[in-house]
Every structure is written in structure tokens, then in C-alpha cells.
Amino acid sequence: MKVLVLYTTVDGNTAAVAKSIADRLGADISKIVRVKKVKGYGFFNNLKLRMEVSRKKKPDIFPFKWDPRDYDLIFIGTPVWYDSYNPVYNTLFNVIKIYDRKIALFSTGEKPEGKALKKLAAVLEDSVLLGTYHCIEPIWEDDEKETERILNEAADWAKTIYDEAEKMKEEEEFKRRKTIYKY
Ligand SMILES: Cc1cc2nc3c(=O)[nH]c(=O)nc-3n(C[C@H](O)[C@H](O)[C@H](O)COP(=O)(O)O)c2cc1C
């Protein structure tokens, strides 16, 4: 089964989770990168970023090589920004449609899970959502063991999603053959 892990990150927390998932599953991994970097979190920058989120802006992103149709299962990861997903996904989903895929969503934030993944799921309603995972800023944990525990927890979650997707794929294949060969 072909798996893609898509993510975006500014400070590395979501990247760490994405990498942990991709390593566990042997998946392809791709980072959505803004053309104009986020330049710190001062008052005016934060105001600008808040507007990007509330007005559903589409910041420019660098081109990418993958095609969602090449994958059976796609994980999509985002840092939580103002209780929503990162605006680079507005740009991405404007350029490509991810539909009729099995998907799973993950996020990192400074607080426990809010509405970000629900909002992201709503944008991806034409796909089959197999699950969501949220954790608090893993790489900023004081204790390295805690970072490791969270990243392992994320990978374990991803493996259960993978197993479920594989089971579904087998059942779909069985149904398809039953229709074609009528056995
Ligand atoms: C502009 C901005 C807005 C944020 N808003 C929220 C928020 O509403 N809720 C939350 O839990 N964390 C919020 N955070 C914290 C980030 O979600 C958190 O640090 C995340 O792990 C960053 O991911 P990254 O290291 O991959 O960039 C915000 C961070 C930034 C920069």
C-alpha cells in the first residue's frame, strides 16, 4: 500500500511527528513550504498570520512533485494556528483536489486539541477520514524521553490507521473481483 505523509511546519514540531509516522510506515514524505518565510512572532507578524487564517488567505507555496492519486493513504499534518489549520493548505487544496482517498489528519499545538482538525476534515470531506491525532509541541518537552514517548505514540496511531486502510483495501478488492468474476 502506498502512503504519503504531507505536513507543514515553522518550528519543527509537526515535522518531528510527520517524520516519526513516515519512518514507522516506510512512507513517502513531503513538506509544504511557504515561499515567504514566517519572520518571527512579534505583534504585527502575529496580526498578519491571524488575518491569513481568518480570511482563508492562500500564501504562495513552492511546487511539489507528488500526485495524490498515486497514494492509497495520505496523512496530513498541521501546526494549529488560531484554532485552525495552517493557511498553506488553503493554497494547496486550491491547486489540487484530494478526493476519494483514505486520509488521516494530525496536528501539534500549545494546547490540547481544539477545532483545527475538524476544520481541516471539513475541507477534505470528499475523502474517507480514518482518524485524527493531536499532541502538544513534542520537541519542546523538557524531558527527551517525553518527546520520544509522544513521537512513538504518533507512530503507533499511524500504524493502526495503516492496518485499517489495508483491511479496507483488501475488502474493496474482494468486492471488485466478486463483481467482475461473479464468484
Ligand atoms: C501564529 C500562531 C498561532 C498559534 N495558535 C495556536 C492555537 O490557536 N492553539 C494552539 O494550541 N497552539 C497555537 N499555536 C502554537 C503552535 O500550534 C505550536 O507551537 C505548534 O506545535 C507549532 O508547530 P511547528 O513547530 O511545526 O511549527 C500557534 C502558533 C503560531 C505561530
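The values are calculated or read from the model by the stated rules, or taken from the named source; none is laboratory data. Note that this is a predicted model, so its numbers are computed, not measured. Backbone-built Cβ (ideal geometry, glycine too); neighbour counts: all protein chains shown.
So here's what we get for this one:
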| item | result |
| --- | --- |
| Of the criteria (1) touching a Ser or Thr at 6+ places or on another chain (Cβ under 9 Å); (2) basic (Lys, Arg); (3) under 18 Å from Thr9 (Cα atoms), which one Arg101 fails | (3) |
| Test: residue in region 31-45 that is touching a residue at least 24 places away in the same chain (Cβ under 8 Å), within 15 Å of the ligand (Cβ to nearest atom) and surrounded by 19 or more Cβ atoms within 10 Å (Cβ to Cβ) | yes |
| Candidates Ile98, Ile150 - the one that is of a type in the set (Val, Ile, Thr), within 13 Å of the ligand (Cβ to nearest atom) and either in a helix (DSSP H, G or I) or surrounded by fewer than 21 Cβ atoms within 10 Å (Cβ to Cβ) (or both) | Ile150 |
| Hey, Glu125 without any contact (Cβ under 8 Å) to a residue 40 or more places away in the chain, assigned to a loop (DSSP other than H, G, I, E, B) and within 13 Å of the ligand (Cβ to nearest atom) or not | no |
| Arg24 being outside any loop (DSSP other than H, G, I, E, B), more than 13 Å from the chain's Cα centre (by Cα), more than 16 Å from the ligand (Cβ to nearest atom) and modelled with pLDDT of 95 or more | yes |
| Selection from region 107-119 of residues that are among the hydrophobic types (A, V, I, L, M, F, W, C) and within 11 Å of the ligand (Cβ to nearest atom) | Ala116 |
| Failed item, numbered, when Glu137 is tested on (1) among the charged types (D, E, K, R); (2) farther than 14 Å from Thr14 by Cα; (3) buried (at least 16 other Cβ atoms within 10 Å of the Cβ) | (2) |
| Test: residue in region 51-65 that is within 14 Å of the ligand (Cβ to nearest atom), under 15 Å from the mean Cα position of the chain (by Cα) and of a type in the set (Val, Ile, Thr) | no |
| Failed criterion for Asp143 (all others in (1) in contact with an Asp or Glu (Cβ under 6 Å, 6 or more places away or on another chain); (2) among the charged types (D, E, K, R); (3) away from the ligand (no atom under 16 Å from the Cβ) hold) | (1) |
| Region 68-91 - residue that is modelled with pLDDT of 95 or more and away from the ligand (no atom under 16 Å from the Cβ) and, of those, nearest to Thr8 (Cα to Cα) | Thr91 |
